[in-house]
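What follows is calculated from the coordinates using simple rules that are stated; it is not laboratory data. In this text the structure is predicted, and so the values were computed from the model without any measurement. For neighbour counting, all protein chains shown are included, and Cβ atoms are generated from backbone atoms with ideal geometry for every residue, glycine included.
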Amino acid sequence: MNLFYHDHQTNTHASWDDLIYELNQTSISSNICKDSNTYNVFKCLILSLIVDMPITLLDSDFTENEVSELLGRTNNEKHEFLLNKPLIKNKKELLSIINQNDHKEWELTLFTSGTTGIPKKVKHPFSTITRNVKISDKHNDDIWGFAYNPTHMAGVQVFLQALANGNSIINLFNSTPLQIFKLIEDFQITHLSATPSFLNQLTTSEKKHPSVKSITSGGERFNPALMQNLSNIFVNARFKNIYALTEAGSLFTANGDLFVIDETDKVKIVNSILYIHQSLLGNFDFTDEWYETGDIVEVVSNNPLTIKFISREKEIINVGGYKVNPHEVEHAIKSIKGVTEVVVYAKSNSVLGNIVVADVVQDGSLTESDIRLQLTSYLQEFKIPRVIRFVENIELSRTGKTKRIQK
Amino acid sequence: MRDTVHQIINTVLANRGKKLIDSLNDSMRLRDDIGFDSLDLAELTVRIEAQFNVDIFEKGIISTVGEIFERLK
């Protein structure tokens, strides 16, 4: 297919020829890209690769204050430069520049999207960011449903996978489930990569979508029940679970929730917390040999080393000294008849430090005390949400993950 | 305000399956007489704050119904 990018929200429809024409017409570019149109972010990335110059990606919804805080703090200045690049004849020539050059000067700067504290700057050379990019003829006809923020690690990695193979990209991010189903049908999308929260929206489909051959989930804890539900709709899809960090790129993949670790000398587990060796990391303000991921894992087997992710350490809610795993509470609430969606988070509290709060989408048959009383059979009292809010829908954050923030 | 606080206290009690109180007087102790534990008190502060925009425990522990009204003044 000659389509490069389609976005129904911005009414953008560009073939590879359109893209190449626009690249050839562009004579000035910037080292910093902040643009609400995903197509323009992709063009920035491609131009930076063609001319082999560093590029910084910023979320388009960062405020001016945030930008000056981020860039000022890191002595990073925006400047525009004249592009000194050859005229690109066709798609084949563009792909050979992307795939065959070593991109020695190119470096990608991203800011982590942590929910607390100031975002952290991380720089990646081409080699770490493309660690898991697979280029082969069997990927020639892949059609990607793009479901991440393009300025975040996962989005960049999906984009580079699609770009390197000359694929078509259909933007699904921030679309409603009905729009997504239509785009999957209209464009016969073959590959989806998204967070479990994003994929969860797709379980409402009344139709099967046989065109999808591969679904990759990442960024949040893997949910076996979700995969089961999706497999009834995406009947031809293979499922893959990915563990990635903005600080390191994609690290491990699994078919289910068990990750078999090949490079055992590059990970260690101390007090159930996963540490990654510095040789797997990009560059950021960090000098130790081992990086603490904050992810709590369970070692299922030592030979070969097999781990399962239990939760993010920082997601654990501390209620007066008692530790609450929000996933466990969500799982219990979801099992109540009438509940369709739930997110559990901490709210700061002057009595106990934090209390557990839940936002619940339900069919109208339940009251707050119904849920609370039912939970007493599933959960210890301190894990039961003290406040349950009934909401129309669960808002996704700009990373596509369910928001679980301190309120 | 009195009736609202009474209602909030009963909501917290009902959520725990505890016995509701018929009437409220200032000398009632939150833990001993009403039967609240720390989790209930935490919930009580959230619900009162949502209603009156005051965190009744912000300036320290309180133990009686009368002190709630003191903080809400």
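Quick notes on this one:
- Segment A:245-301 versus segment A:339-363: alpha-carbon centroid distance in Å: 30
- Peptide A:348-356 shows a mean partner chain C-beta count of 6 within 10 Å per residue C-beta.
- Positive-end residue of B:PHE69, B:ILE56, B:SER38, charge dipole of segment B:2-72 with Cβ unit charges: B:SER38
- Chain B versus segment A:189-235: alpha-carbon centroid distance in Å: 46
- Segment A:125-235 - convex hull of the alpha-carbon atoms, volume per residue in Å³: 100
- Segment B:2-72: C-alpha gyration tensor shape, a/c 1.5 cut-off, then a/b vs b/c: rounded
- Across A:LYS85/A:LYS121; A:LYS91/A:LYS240; A:LYS43/A:LYS240; A:LYS347/A:LYS383, pairs whose alpha-carbon gap is larger than 19 Å: A:LYS85/A:LYS121; A:LYS91/A:LYS240; A:LYS43/A:LYS240
- Label-to-label distance, nm, for residues given as A:LYS268 and A:ASN101 (7 Å Cα→Cβ offset): 4.0
- 3J(HN,Hα) along segment B:53-70, derived from phi through the Karplus expression 6.51 cos²θ - 1.76 cosθ + 1.60 where θ = phi - 60°, amounts to 6, 10, 8, 5, 9, 4, 9, x, 5, 10, 10, 10, 4, x, 5, 4, 5, 4 Hz, with x in place of Gly and Pro.
- Hydrodynamic radius by Kirkwood, which averages 1/r over all alpha carbon pairs of segment A:198-351, in angstrom: 17.7
- The Stokes-Einstein estimate for segment A:1-40, based on a Kirkwood radius over Cα pairs and taken at 20 °C with 1.002 mPa s viscosity, is a diffusion coefficient of 189 µm²/s.
- Taking N as its residue count, the alpha carbon Rg of the protein assembly as shown over 2.2 N^0.38 Å: 1.12
- For the protein assembly as shown, the residue among A:PRO196, A:ASN31, A:ASN149 whose Cα projects farthest onto the positive side of the dipole built from Cβ charges is A:PRO196.
- Fewest-first ordering of A:THR176, A:THR56, A:THR203 by other beta carbons within 10 Å of each residue's beta carbon gives A:THR176, A:THR203, A:THR56.
- Its relative contact order, with pairs defined as Cα atoms under 8 Å and 6+ residues apart, puts chain A at 11 percent.
- Each of A:VAL351, A:VAL324, A:SER369 was placed along the dipole of segment A:316-390 (beta-carbon charges, centred on the mean Cα), and the one lying farthest toward the positive end is A:VAL351.
- Cα-centred dipole magnitude for chain A, charges only on beta-carbon of K, R (+1) and D, E (-1), debye, nearest 20: 560
- With respect to chain A, whose longest principal axis is taken over its alpha-carbon atoms, helix A:177-187 is tilted by about 30°.
- Sequence-distant aspartates and glutamates (8 or more away, or on other chains) whose Cα lies within less than 14 Å of A:LYS213: A:ASP141, A:ASP142, A:GLU185
- Net charge of the neighbourhood of A:PHE181, taken over other residues with C-beta under 11 Å away and scored Lys/Arg +1, Asp/Glu -1, is 0.
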